[in-house]
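Presented below is the structure to which this report refers.
Taken together, the values in this text are just the output of simple stated rules run on the coordinates, not laboratory data. All figures in this text were calculated on a predicted structure; none of them were measured in a lab. Virtual Cβ from ideal backbone geometry, glycine too; neighbours counted across all protein chains shown.
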Amino acid sequence: MKKEDFLREFMNEIWNKKRFDKVEKYVHRQYTIHLDTSDPWEGKILDHEEFKTRLNYSFDSFPDMNFEITSAIEDDNLVAITWILTGTNRGMIGEYPPTNKAINTRGMTIYHFKDDLICGHTQVFDRTTVMKQLGFIDV
């Protein structure tokens, strides 16, 4: 299977369908988050259980979180995607209370591969827009 197809399947099964039971199928036993400075796990190496904890952190805040991949480029050990993230804030985001407001934002992630599994990512997206959409900062 091409890495791009594998990544699309991962995004759908893990992020959109929340299939925690399939994490081991897609994620390397050592997953590193690179250059994602607003992510509490940035710079850390996660095992499968820590990866699931990170997923729960996201899903607790946005239980209906959904990623739509808008483009993808595959290289030897990388797949870069652009995406649209939508969801409704139903839980705490750090110290911020739930707003029940919807978000719609765009971003870009480069997924790293090792041993044909996803072993990390480098990500950039506009968290300021999300904070504005949730009403935490002025427009």
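Computed quantities for the displayed model
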quantity	calculated
Relative contact order [Cα under 8 Å, 6+ residues apart], the chain, whole percent	23
Where GluC sites (Glu not before Pro) fall in DSSP loop in the stretch 1-59, at most 15 other Cβ within 10 Å	42
Distance from the stretch 98-139 to the stretch 1-59 (C-alpha centre basis), Å	13
Computed [θ] at 222 nm, helices only, for the chain once each DSSP H run of length n ≥ 4 contributes -39500 (n - 2.57)	-6500 deg cm²/dmol
Label point at residue 20 placed 7 Å out along Cα→Cβ; residues across the stretch 36-70 whose backbone nitrogen lies under 11 Å	49-57, 59-60
Distant-in-sequence amide H partners of residue 114 (H built 1.01 Å from N, under 5 Å)	119
Gain upon complete extension [residue 38, residue 136; 0.36 nm per residue less C-alpha separation]	33.7 nm
Degrees between helix 48-61 axis and first principal axis of the chain (Cα, 0 to 90, nearest 10)	30
In the stretch 91-139, trypsin sites (Lys or Arg not before Pro) in a DSSP loop with at most 16 other beta-carbon atoms within 10 Å	101
Integer Hz, Karplus 6.51/-1.76/1.60 couplings in order for the stretch 32-47, x for Gly and Pro	10, 9, 9, 6, 9, 4, 8, 8, x, 9, 4, x, 9, 9, 9, 8
Which label in [x] 10, 31, 37, 17, 5, 1, 0; [y] 12, 43, 36, 9, 1; [z] 12, 48, 35, 5, 0 gives the computed P(r) over Cα pairs in 10 Å bins from 0, in percent	[y]
For the stretch 92-109, 3J(HN,Hα) per residue [Karplus equation, 6.51 cos²θ - 1.76 cosθ + 1.60, θ = phi - 60°, Hz, x = Gly/Pro]	4, 10, x, 8, 7, x, x, 10, 6, 9, 8, 10, 8, 9, 10, x, 9, 10
